[in-house]
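Reviewing the structure listed below.
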Amino acid sequence: MRDLRMRYGTRDVLDGVDLDVHGGEVVALLGPNGAGKTTTIEILEGFRVRSGGEVTVLGSDPADAPEAWRARVGVVLQSWRDHKRWRVREVLEHLGDLYAPYSTAERPRPRPVGELLELVGLTDSADQPLMRLSGGQRRRLDVAVGIVGRPELLFLDEPTAGFDPEARREFHDLVHALVDAEGTTVVLTTHHLDEAEKLADRILVLSGGRIVADGSPDALARSVSSIAEVRWCRGGERFVHSCPDPTAFVRDLLAHDDGEVTDLEVRRATLEDTYVQLVRRHTAQEESR
């Protein structure tokens, strides 16, 4: 995307966003509520018409891409309506039939329903009406709907909302499997910073309608602060020291300290620390203009 813009009334939600996503990448969009994460995803999916700028996804403009293009894209929305009396298997079989005409030797479509149910952990619920699914089971079905067509590009908007920790871990394994086995490109939004850190090759931080940071979790942390904290105990007393080179400091500490050093810990900025600082910094800059 180049100079992507989206305006609602007099408010610019996206104000000139540039972005490249490469095949096989997992890219996470982070940002405070109202930053434009879902709007960006919906423009890339072709669900929302942008106000300005250029967008190319899999070689086409999503705003007027043909049906064959849509068969190459998978979508997991924050929520969607359906026929609640349908059974899980029926829904996936019906949606799978829509992808069959676009099957290729490289990507046979749709994914077999039995395999799909096993991937998302719904095998035991295959014959349950949708109205009887729990919130977590319903979200698993959302994921199944998104990957039934074996997409080349998968959009995930808050994909693990309502998942318990075990289900979230299983979902992370599923995303890694899709990327490793099928080369799927993934673009996701999430409020779970640990999820972004575990899944994403790159993290983008949106704030004020612009991308204010782009990089790996480690690179973003280094861009905000190169200072690490070294913590240790000696003689029952707790010590904390901040320094740019914790390795050298620890080596010197252990070489020259006559007492027993215990509970030694090196703490660098976490993704959460980095995210909060980036958003606060950008907000302060905007308010000072």
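Points worth noting:
- If you filter segment 116-145 down to residues that are touching a strand residue (DSSP E or B) at 6+ places or on another chain (Cβ under 7 Å) and of a type in the set (D, E, K, R), you find that the one that is farthest from E170 (Cα to Cα) is D127.
- Considered as a group, the residues in segment 1-53 that are surrounded by 17 or more Cβ atoms within 10 Å (Cβ to Cβ), closer than 24 Å to P217 by Cα and free of Cβ contacts under 8 Å to residues at least 60 places away in the same chain include one that is farthest from the chain's Cα centre (by Cα), and that residue is M1.
Rundown of residues vs (1) assigned to a loop (DSSP other than H, G, I, E, B); (2) within 22 Å of R111 (Cβ to Cβ); (3) of a type in the set (D, E); (4) touching a Ser or Thr at 6+ places or on another chain (Cβ under 8 Å), yes/no style:
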| position | (1), (2), (3), (4) |
| --- | --- |
| V75 | no, yes, no, no |
| Q78 | yes, no, no, yes |
| R85 | yes, no, no, no |
| R89 | no, yes, no, no |
| L92 | no, yes, no, no |
| G96 | no, yes, no, no |
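- Selected residue (criterion: farthest from D194 (Cα to Cα)) from residues of segment 208-241 that are of a type in the set (G, A, S) and at pLDDT 85 or above: G209
- Within segment 147-188, considering residues that are closer than 22 Å to D127 by Cβ and buried (at least 21 other Cβ atoms within 10 Å of the Cβ), the one farthest from the chain's Cα centre (by Cα): V148
- S125 small (G, A, S), farther than 18 Å from P151 by Cβ and surrounded by 12 or more Cβ atoms within 10 Å (Cβ to Cβ): yes
- In segment 119-133, the residues that are at negative phi and without any contact (Cβ under 8 Å) to a residue 60 or more places away in the chain reach residues that are small (G, A, S) and surrounded by 13 or more Cβ atoms within 10 Å (Cβ to Cβ) with C-beta atoms within less than 7 angstrom, at least six apart or across chains, in these pairs: V120/A144; L122/A144; L133/S125.
- Exactly one residue among P110, P101 is closer than 20 Å to A71 by Cα, touching a helix residue (DSSP H, G or I) at 6+ places or on another chain (Cβ under 8 Å) and not aliphatic (A, V, I, L, M), and that residue is P110.
- For segment 140-195, filtering for residues that are of a type in the set (A, V, I, L, M, F, W, C) and in a strand (DSSP E or B) leaves 7.
- Residue list for segment 54-73, filter: touching a residue at least 40 places away in the same chain (Cβ under 8 Å) and either buried (at least 18 other Cβ atoms within 10 Å of the Cβ) or of a type in the set (F, W, Y) (or both): V55, V57, A71, R72, V73
- The criterion of being within 16 Å of the chain's Cα centre (by Cα) and at negative phi does not hold for A100.
Yes or no, residue by residue, for (1) without any contact (Cβ under 8 Å) to a residue 40 or more places away in the chain; (2) outside the structural domain of G96 (by TED's automatic domain parsing); (3) within 18 Å of G23 (Cβ to Cβ):
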site	(1), (2), (3)
R140	yes, no, no
P151	no, no, yes
F155	no, no, yes
R169	yes, no, no
G183	no, no, yes
T190	no, no, no
L193	no, no, no
I203	no, no, no
G208	no, no, no
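- Those residues of segment 44-73 which are of a type in the set (S, T, N, Q) and farther than 22 Å from T104 by Cβ, in sequence order: S51
- Of T247, T274, all but one fail to be part of a helix (DSSP H, G or I), buried (at least 18 other Cβ atoms within 10 Å of the Cβ) and either touching a Leu at 6+ places or on another chain (Cβ under 6 Å) or of a type in the set (S, T, N, Q) (or both); the exception is T274.
The values are calculated or read from the model by the stated rules, or taken from the named source; none is laboratory data. These numbers come from a predicted model, not from an experiment. Neighbour counts run over all protein chains shown; Cβ positions are idealised from the backbone, glycine included.
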